[in-house]
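Report on one structure; see the data block that follows.
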Amino acid sequence: MNPLDAMGRRSFLARTGLLGAYAASHGLLLKACGDSGSGTASADTGTPADTDTSDGDSLDVGPPEVAIIDEATLDAVLDALLPRLISETLDGVSGTVVTDVHHIGIRAFVTALIEGGSTIAHADRHRMLEAAASYADAGAELTLPPDLVDVPDVDVIALDAAFTRLLAREPADSEGSTTLTNTAMVALILSLVASRVDPQSLAGPKAAPFANLSVADRVSVLSQLESPDEALRSALESGAPPEWSQRVIPFWRTMVNTLYMFSAVLGYSNLVSSDDPPAGWAAAGYQPLGAVHGWSSLLGYHEGLEEATDP
Amino acid sequence: MRDVIIVGAGAGGAVVAKELAARGLDILLLEAGLRLEDSETALQPTVVGALSSYGWKRPHIPSTYVTDAAPPSFRGSNAGVGGTTLTYTGNHPRPHPGVFADYSGADAGAYDVAHRFSFGYEALRPYFQWVEATLPVQTAPMDKKAEQFFRAARAIGLPRQTGKDVVMDSYRPQENAILQPQGTAGLHDVPRSAVDNPVAWPAARGCTFCGYCNQGCAEPFGAPLNQKAKRSVNHSYIPMALTADAWASASGGKAAEIIAEAFVTNLELDSSTGVRGRVRAVTWRDARSGESRTEEATVVVLSAGAIETPRLWLNSGLPDTNGLVGTGYTDHFADLLIGILDEPTYHSRGPVSNARADFPGRGAFENQGVMPEYIAAFLTHCAGGVTGHHGPYDGSFDVTDVGADGASGRYIAEQLTSVLGAFDRLMTLFIMTDDDVVEDNRVALSPLPRDEHGRVPLVDIRRRSARSVANREFLAERATALLRAAGASQVLRSNFLPAIVHSASTMRMATSASAGVVDAHGESFEVAGLFIADNSVLPNALGGANPTHTTQTLATRSAEAIFTRYFGGKGWVADEAPLASTDDAVTAALAGLHGER
């Protein structure tokens, strides 16, 4: 039996944010039906109160006029949904750490950092997600918001099948298709923990549950991953391959710290901003003259001594 | 067949290359990262950008991992010709004498006594002096942040130390590998957009107080590479290594060859030489083409740093009979204290660090004048939690009340904005703990998937000794007191997480194979002809002194050992006077080198 059956495909896909993204992206589906794989998604600064103005034709265009479609088309739809989840989640993190800065630039740089190393094998990705979903489901009856209940079963099954195919897709044979990257794993697991912290996060302006949380709840999600209780620790470790199960908690601690620190660092850097000066520098009053060759800051030598003695 | 192949063109490798090129040996220097010769245009005015320029973002040059996971954490080390000295702050203090075998002071028991240098401090003095004259190392000039530091240090009862040797709890200006300002340097505010630049070379020489030490040093503008203010090896030892045929003609100097973007993946031994293997060849991967090349050498020197050197050793399957390779990682158990003063400090101008306080047996701290993104890093690369939400929760990083304000934990959103809003009034102190070597803290090969250069390194920091913890708390309390004395109305403690800064002691120097990986001259106990010259050979945390100076001193000594043991030569440090890397002969040789192209 597909392990997803045990927890319910609809519940799993909802907790990862995929079902919400699917439900909110009928336009994408329609577009994909006509032009496989050309759909795109974008995101904004990731705070719940934000009005999403950047998604163009991807939202609120009514139910799909076609039922289930061929595999390639559904794969293309999924390829469009994942970037949306990733961007909303990462922007949700940076929006929690720094305000009024260039979140898209932060997202791009953090993505490059996270993708810069080893890639997790597909079988391992599968188990890790299953374990995190089991943790999210444990002891709590999930009440899905109406728009997720309304997604037809046939669509859920197809979306689930597409996701399973994605999980099995290795970078080496992807040929340009989306693979489940490290960043996607981060977005999906943050979504799973977010849905446990507050199930209401499955309904909101964002597809990504993490992005629908309050700042306090987002901090709570990150804190739980950084310092998991026994249940979460057990789930995360059990999902990892035995040879590195002992490294899973340090992995998440490093990952969470990376998300916090680079959001802050980049928010106060000129690296991801085309503004001159960047917002973070302006807020700090750094470099009022712009980049300099030097300052008139020389005050001589302490007590007039220009050289240390050496016996 | 080369005389010597050196793996890594950073602080240690460049020193060995220059010293042996000056003796006429055939030197090949391999560097994993890029070679950026034009520092005036290549470096970006952002520390992350500077690191990116040197290979951080290039996919074929993987980052060093703090854990075995993909994301690199906050790093002060990086690839590139020049290595970490490209972005270091140029601080060159000598180590505390108490970490050497011959120390007999009243506080002799206060150090990491199980891991002392096997020889005496005095044995190294001529080598310290050689490096200090070559770079050169000079007393840092004063600016507002230094003046405030000195005044506050006196207020908390610290005397000034006037000598290079650390003999007591004291404060002093840094001894820096940054040329002192001469001419117009330090006397003008000059935006880069200015049509006329009064602090261009040669009207200005030495430090112009731009404040960009951590981004690489491009000043004075227009100066030859070997006349730039900060003495990264890219400005000092590398130019000398590449022109040794010209400035060292009297000793038969031969120009070294350097290949950048060459990632060494394997070391090969000659197994026909008996019980103790003998190094034979080096294989590297051309990071641009992906092709591998192999060359043989009489001697191989590993200078890839305290993480990549043990990684290469283990990936090559070299002998590790006592299981010591990669163990005992130290990093000064760093922390940061940030004071918010009522008056301006203008800390981001001038040398990044020009004032320090030393506490023998405890460690040291120094001022850090940095750009906003650094402050943001200091306040978020923390031991867990978020101030105002969830406090620190990792028991291994619990801290005591040292008089700072509020709970330790990350600062985000409005709290972060508030601190950065006081940017020009900040005084930041960087804590460098005399951190005990603990074998459990180590570099190992990660169980995670390998990258194109083999299995990736895992830096596993598991615990700190009680002495390390106590030392860090002591220093944090002293730093807080200094900040209060400087007028800080608020003091924030980062409780900084481990970072790849001052990484050391994973291939320690010792008297026997049962206690370390290399002998007192840096040669492997188990592989003849294989030397190590980087931070990894440091037997301890140097009492809290910034490590580059000691590493370059030991590399000089290792170069002599290579020359005498394998090439029939004799040492030179005792009998000769070093040539400064700023000497006109080097400038002329460098001009000749570029003229040939």
Please determine whether any residue of segment A:239-247 is at the interface with another protein chain (Cβ under 10 Å from one of its Cβ atoms), part of a helix (DSSP H, G or I) and in contact (Cβ under 8 Å) with a residue 40 or more places away in the chain.
no
Whichever residue in segment B:106-160 is closer than 15 Å to B:Arg557 by Cα and among the acidic types (Asp, Glu) and, among such residues, is surrounded by the most Cβ atoms within 10 Å (Cβ to Cβ)
B:Glu132
When both residues are 6+ apart or on different chains and their Cβ atoms are under 9 Å apart, which pairs have a first residue that lies in segment B:463-482 and is farther than 12 Å from B:Val399 by Cβ, and a second that is surrounded by fewer than 18 Cβ atoms within 10 Å (Cβ to Cβ) and of a type in the set (Asp, Glu)?
B:Arg463/B:Asp440; B:Arg478/B:Asp169
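Conditions tested, residue by residue: (1) of a type in the set (A, V, I, L, M); (2) on the phi > 0 side of the Ramachandran plot; (3) touching a Pro at 6+ places or on another chain (Cβ under 7 Å).
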site	(1), (2), (3)
B:Val195	yes, no, no
B:Val199	yes, no, yes
B:His235	no, no, no
B:Gly252	no, yes, no
B:Ile258	yes, no, no
B:Arg280	no, no, no
Residue check, A:Asp229 more than 10 Å from chain B (Cβ to nearest Cβ), out of contact with any Gly (no Cβ under 8 Å at 6 or more places or on another chain), on the phi < 0 side of the Ramachandran plot and free of Cβ contacts under 8 Å to residues at least 12 places away in the same chain
yes
Can you find a residue that is touching a Leu at 6+ places or on another chain (Cβ under 6 Å), crowded, with 16+ Cβ neighbours inside 10 Å and in a loop (DSSP other than H, G, I, E, B) anywhere in segment B:559-582?
no
Given (1) buried (at least 21 other Cβ atoms within 10 Å of the Cβ); (2) closer than 23 Å to B:Gly82 by Cα; (3) modelled with pLDDT of 95 or more, identify the lone condition not met by B:Ala204.
(2)
Condition met for B:Leu20 (modelled with pLDDT of 50 or more, closer than 30 Å to A:Ile114 by Cα and more than 14 Å from chain A (Cβ to nearest Cβ)):
no
Residues of segment B:149-165 being within 11 Å of chain A (Cβ to nearest Cβ) and not basic (Lys, Arg), which ones?
B:Phe149, B:Phe150, B:Ala153, B:Gln161, B:Thr162, B:Gly163, B:Asp165
Select from segment B:196-211 the residues that are more than 10 Å from every other protein chain (Cβ to nearest Cβ) and free of Cβ contacts under 8 Å to residues at least 24 places away in the same chain and write down the one among them that is farthest from B:Leu179 (Cα to Cα).
B:Asp196
Only one of (1) in a helix (DSSP H, G or I); (2) at pLDDT below 95; (3) more than 14 Å from every other protein chain (Cβ to nearest Cβ); (4) buried (at least 23 other Cβ atoms within 10 Å of the Cβ) is not met by B:Asn214, so which one is it?
(3)
Filtered residue count, segment B:358-378, keeping only those that are within 13 Å of chain A (Cβ to nearest Cβ) and under 15 Å from B:Arg478 (Cα atoms):
2
Just to be sure, is B:Trp247 more than 22 Å from the chain's Cα centre (by Cα) and within 14 Å of another protein chain (Cβ to nearest Cβ)?
no
Output the residues belonging to segment B:411-458 that are part of a loop (DSSP other than H, G, I, E, B) and surrounded by fewer than 17 Cβ atoms within 10 Å (Cβ to Cβ).
B:Glu439, B:Asp440, B:Pro449, B:Arg450, B:Glu452
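Results for (1) more than 7 Å from chain B (Cβ to nearest Cβ); (2) assigned to a helix (DSSP H, G or I); (3) among the basic types (Lys, Arg); (4) on the phi < 0 side of the Ramachandran plot, shown as yes or no for each residue.
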| position | (1), (2), (3), (4) |
| --- | --- |
| A:Leu271 | no, no, no, yes |
| A:Asp275 | yes, no, no, yes |
| A:Ala283 | no, yes, no, yes |
| A:Ser297 | no, no, no, yes |
| A:Glu306 | no, no, no, yes |
Determine whether segment B:68-88 contains at least one residue that is more than 30 Å from B:Ala250 (Cβ to Cβ), assigned to a helix (DSSP H, G or I), modelled with pLDDT of 95 or more and out of contact with any Leu (no Cβ under 6 Å at 6 or more places or on another chain).
no
So B:Ala585 clears everything in (1) surrounded by fewer than 23 Cβ atoms within 10 Å (Cβ to Cβ); (2) in a loop (DSSP other than H, G, I, E, B) except one condition, right? Which one?
(2)
Subset tally (residues that are within 14 Å of chain B (Cβ to nearest Cβ), buried (at least 24 other Cβ atoms within 10 Å of the Cβ) and either of a type in the set (S, T, N, Q) or not in a helix (DSSP H, G or I) (or both)) for segment A:68-101:
4
Within segment B:152-168, tally of residues that are in contact with a strand residue (DSSP E or B) (Cβ under 8 Å, 6 or more places away or on another chain), within 16 Å of B:Thr480 (Cβ to Cβ) and in a loop (DSSP other than H, G, I, E, B)
1
When every residue in segment B:349-390 that is among the charged types (D, E, K, R) and closer than 22 Å to B:Gly211 by Cβ is compared, the one nearest to the chain's Cα centre (by Cα) is B:Glu366
Looking at B:Tyr329, B:Tyr346, can you tell me which residue is within 20 Å of the chain's Cα centre (by Cα) and either of a type outside the set (A, V, I, L, M) or within 25 Å of B:Ser468 (Cα to Cα) (or both)?
B:Tyr329
Which members of segment A:285-295 meet the condition of being facing chain B (nearest Cβ under 7 Å) and either in a loop (DSSP other than H, G, I, E, B) or touching a helix residue (DSSP H, G or I) at 6+ places or on another chain (Cβ under 6 Å) (or both)?
A:Gly285, A:Tyr286, A:Leu289, A:Gly290, A:Ala291, A:Trp295
Odd one out for B:Arg172 among (1) in a helix (DSSP H, G or I); (2) surrounded by 23 or more Cβ atoms within 10 Å (Cβ to Cβ):
(1)
Right, B:Pro239: of a type outside the set (D, E, K, R) and in a helix (DSSP H, G or I) or not?
yes
Across (1) modelled with pLDDT of 95 or more; (2) farther than 25 Å from B:Ile375 by Cα; (3) within 22 Å of the chain's Cα centre (by Cα); (4) surrounded by fewer than 24 Cβ atoms within 10 Å (Cβ to Cβ), B:Arg464 clears everything bar (1)
Single match in B:Val456, B:Val469 (criterion: within 12 Å of chain A (Cβ to nearest Cβ) and modelled with pLDDT under 95)
B:Val456
Of these, B:Leu187, B:Leu225, B:Leu242, which one is within 14 Å of chain A (Cβ to nearest Cβ), buried (at least 18 other Cβ atoms within 10 Å of the Cβ) and not β-branched (Val, Ile, Thr)?
B:Leu187
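The values are calculated or read from the model by the stated rules, or taken from the named source; none is laboratory data. From a predicted model like this one, the values you see are computed outputs, not experimental measurements. Please note: Cβ atoms are built from the backbone with ideal geometry, for glycine as well, and neighbour counts cover all protein chains shown.
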